[in-house]
Amino acid sequence: MEQLTHAALREQIGQMVMCGFSGKTPTEWILRLIREYRLGGIIYFRDNIGTPEEVGALSATLQEAALEAGTDPLWIAVDQEGGMVARIDRQVALMPGNMALGAAGSPKLVYETARISGLELRSLGITLNFAPCVDVNNNKANPVIGVRSYGENPQMVGVMGAQAVRGYQDAGISACPKHFPGHGDTTADSHLELPVVPHGLDRLRQVELPPFRSAIAAGADVVMTAHVQFPAYDSSGLPATLSPAVLDGLLRSELGFDGVIATDCLEMKAISGTVGVGRGAVLAVKAGADLVLVSHTPELQLEALEGLYQAVLSGELPQERITASARRIRQAKTRREEGWQQLIREKELPGVGSRPHLEVAELAVELAVTLVKAEPGILPLDTAAPTLVIWPRVETRTDVDEAILQGMTLGKALSAYLADVQELEVSLTPTGTQAEAVLAAARAGRLQIVAGTYNAAFNPGQAKLVQKLLELPGAKVTAVALRSPYDLLAFAGVQAYVACYENRPLMLEAAAKVLAGLRPALGRLPVTLSPEYPAGWGMID
């Protein structure tokens, strides 16, 4: 093989690295990476996102910088899974997340929500979506996947994931099923530590792998790795991202995937806190990865780029390995750009956040709301009774707070249908003062209570408050799970229980209509809560 010039080698390595930056305009640092290091990809996060017009302009500016540098067009990526994991959530048709779609139970709807989301992203200049998440969530204690999964059944997850891949890619945007070979059965968050999936090969082939097989068969351009140890495949202690046995062996050879293998972000503690980012980039590429993701820190981004370059010069990384990765990336970029141009030629595309797109999102959430439990006389709510609503305010870094909800809360949604609603905000772990205010309002006669909960298993103060409400004489308590459906396990005695899977505005409106008796609850649980409430359960009229 002909030896690459240093400039050509820099170019190919640059195409293999994807970086992020802060702010709604390109930083001088990110422009330097594009100009000098021929950076091949950009990832957006929430602080990059303004109005649709601003996002489109940002994408155009970045692509102009790549054009001026004389390199390939950028892959501009985002994590737009839908529901609770969506970087762009205003002035777009935000689709529900995977578990809500699993509850709705329609593969055709999964395809259509992905297609519409893909069309809107591509209209904003985004060309790669790190979705769908095809992890099988069969562990109630999983702190990082949960509602990002379609459910606990591998075959159902595979069908839904394949439809999402087709939907995104039919819209001219590359799809990326994740997190290979499966992050659903972990009790640790790889953002913070290195999880382990301890099962044997037979179990992994029956549960974790089928959704990835389906996504690959659907033609996925990219697959993202998990920073998770799988001793059944690799007993060395390496996470999948750094394991030749998992990437070259399992994903390439056994599953036959010849697309782009992307790492999850190397700044996550499972990598940065162990081998480090620079060394992690080299080990990932040696293992079979094509695209290395370093999302935030300039020094670590440079460390990855230089680490790969020096590894080739020293002979640790073969030149042909770099050339093969650059080829795969270029082919995927070209394939989707050609598809997008064909869509533009064939028909006029509805605008971002258009009414036809929003109608699909509205249908999806209406089909997802799941009535798990309702004792006689609790639901529908009495529209004339004084009603107390508890709203858990979410203020974590990656989740949705009230400002992003555009001012919509469960109480505000219910106020459209109930005559007298008082809503009290509590923190995820309610303080003593907050709990006393809630109990005082209930004792004052607001005994029809709707308690919104958010990951109660990880925030036991919520469960404690619900239990105290249940102890009040005459209290009628309906719990509404605004993220994890497993919340019921924290207060099994609640009189009524509705699973919503997310606290996005459209879902809150759909839930309010169900609680008020204006719409039936049509969703079915995509995960098992207990023997009494198995996957597939739903109190559907």
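The values are calculated or read from the model by the stated rules, or taken from the named source; none is laboratory data. Please read these numbers as outputs of a predicted model, since none were measured by experiment. Note that we place each Cβ from the backbone using ideal geometry, even for glycine, and neighbour counts take in every protein chain shown. To get the accessible areas, we keep the full protein, side chains included, count just its heavy atoms, and leave off ligands, DNA and RNA. Shrake-Rupley method; radii C 1.70, N 1.55, O 1.52, S 1.80 Å.
Across segment 244-260, the number of residues qualifying as without any contact (Cβ under 8 Å) to a residue 60 or more places away in the chain and outside any loop (DSSP other than H, G, I, E, B) comes to 8. Is there a residue in segment 221-242 that is among the hydrophobic types (A, V, I, L, M, F, W, C), within 11 Å of A287 (Cα to Cα) and at pLDDT 95 or above? Yes, segment 221-242 contains a residue that is among the hydrophobic types (A, V, I, L, M, F, W, C), within 11 Å of A287 (Cα to Cα) and at pLDDT 95 or above.
Only one of the numbered conditions (1) out of contact with any strand residue (DSSP E or B) (no Cβ under 9 Å at 6 or more places or on another chain); (2) within 21 Å of R330 (Cβ to Cβ) is not met by A281, and that is (1).
Could you please let me know if A441 is open to solvent by less than 20 Å² (accessible area, probe 1.4 Å), of a type outside the set (D, E, K, R) and either over 15 Å from E423 (Cα atoms) or touching a strand residue (DSSP E or B) at 6+ places or on another chain (Cβ under 9 Å) (or both)? Taking the combined requirement at face value, the residue satisfies it. Out of T274, T263, T323, one residue alone is under 30 Å from S123 (Cα atoms) and among the hydroxyl-bearing types (S, T, Y). It is T263.
One line per residue, one yes/no per condition, for (1) of a type in the set (D, E); (2) open to solvent by 50 Å² or more (accessible area, probe 1.4 Å); (3) in a loop (DSSP other than H, G, I, E, B); (4) over 30 Å from N137 (Cα atoms):
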site: K24; (1), (2), (3), (4): no, yes, yes, yes
site: W29; (1), (2), (3), (4): no, yes, no, yes
site: E36; (1), (2), (3), (4): yes, yes, no, yes
site: E54; (1), (2), (3), (4): yes, yes, no, yes
site: D72; (1), (2), (3), (4): yes, no, yes, yes
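Conditions first: (1) in a loop (DSSP other than H, G, I, E, B); (2) farther than 28 Å from R524 by Cα. N142 passes all but one, so which condition is the exception? Just one mismatch for N142, condition (2). Looking at V514, V498, V480, just one residue is within 12 Å of T370 (Cα to Cα), out of contact with any Lys or Arg (no Cβ under 8 Å at 6 or more places or on another chain) and open to solvent by 10 Å² or more (accessible area, probe 1.4 Å), and that residue is V514.
Quick one: I271 ticks every box in (1) within 25 Å of the chain's Cα centre (by Cα); (2) crowded, with 16+ Cβ neighbours inside 10 Å; (3) modelled with pLDDT of 95 or more except a single one, so which number is it? Failed condition: (3).
Residues of segment 221-236 that are over 13 Å from L250 (Cα atoms), in contact (Cβ under 8 Å) with a residue 12 or more places away in the chain and among the small types (G, A, S): A226 alone.
Would you confirm whether any residue within segment 221-243 is of a type outside the set (S, T, Y), surrounded by 19 or more Cβ atoms within 10 Å (Cβ to Cβ), part of a helix (DSSP H, G or I) and touching a helix residue (DSSP H, G or I) at 6+ places or on another chain (Cβ under 7 Å)? The answer is yes, given that some residue of segment 221-243 is of a type outside the set (S, T, Y), surrounded by 19 or more Cβ atoms within 10 Å (Cβ to Cβ), part of a helix (DSSP H, G or I) and touching a helix residue (DSSP H, G or I) at 6+ places or on another chain (Cβ under 7 Å).
Here segment 175-208 is the region considered, the condition is being at pLDDT below 75 and of a type in the set (V, I, T), and the residue that is least open to solvent (accessible area, probe 1.4 Å) is T186. When segment 148-167 is limited to residues that are open to solvent by 10 Å² or more (accessible area, probe 1.4 Å) and not in a loop (DSSP other than H, G, I, E, B), the one that is farthest from Q342 (Cα to Cα) turns out to be P154. If you go through segment 74-96 and keep only what is open to solvent by less than 30 Å² (accessible area, probe 1.4 Å), farther than 25 Å from Y150 by Cβ and assigned to a loop (DSSP other than H, G, I, E, B), you end up with just L74.
Among the residues of segment 190-212, is there at least one that is small (G, A, S) and touching a residue at least 60 places away in the same chain (Cβ under 8 Å)? Scanning segment 190-212, I find at least one residue that is small (G, A, S) and touching a residue at least 60 places away in the same chain (Cβ under 8 Å), so the answer is yes. Considering segment 444-477, the residues that are farther than 25 Å from K140 by Cβ and charged (D, E, K, R) include one that is least open to solvent (accessible area, probe 1.4 Å), namely R446. Within segment 337-359, work out how many residues are open to solvent by less than 40 Å² (accessible area, probe 1.4 Å) and part of a helix (DSSP H, G or I). The total comes to 4. Give me the pairs: first residue in segment 489-515 and outside any helix (DSSP H, G or I), second residue polar (S, T, N, Q), beta-carbon distance under 7 Å, and six or more apart or on different chains, which are they? Qualifying pairs under 7 Å: F491/Q467; Q495/T478; A496/T478; V498/T370; V498/T478; A499/T370. Condition (residue is surrounded by 15 or more Cβ atoms within 10 Å (Cβ to Cβ), within 30 Å of the chain's Cα centre (by Cα) and touching a residue at least 12 places away in the same chain (Cβ under 8 Å)) applied to segment 374-388: is it met by at least one residue? No, the conditions are met nowhere in segment 374-388. Scanning segment 142-173 for residues that are within 13 Å of D185 (Cβ to Cβ) and of a type in the set (S, T, Y) yields a count of 1. The residue that is nearest to L39 (Cα to Cα), counting only those in segment 279-303 that are open to solvent by 10 Å² or more (accessible area, probe 1.4 Å) and in a helix (DSSP H, G or I), is L302. The residues of segment 304-330 that are small (G, A, S) and in a helix (DSSP H, G or I), listed by number, are A304, G307, A311, A324, S325, A326.
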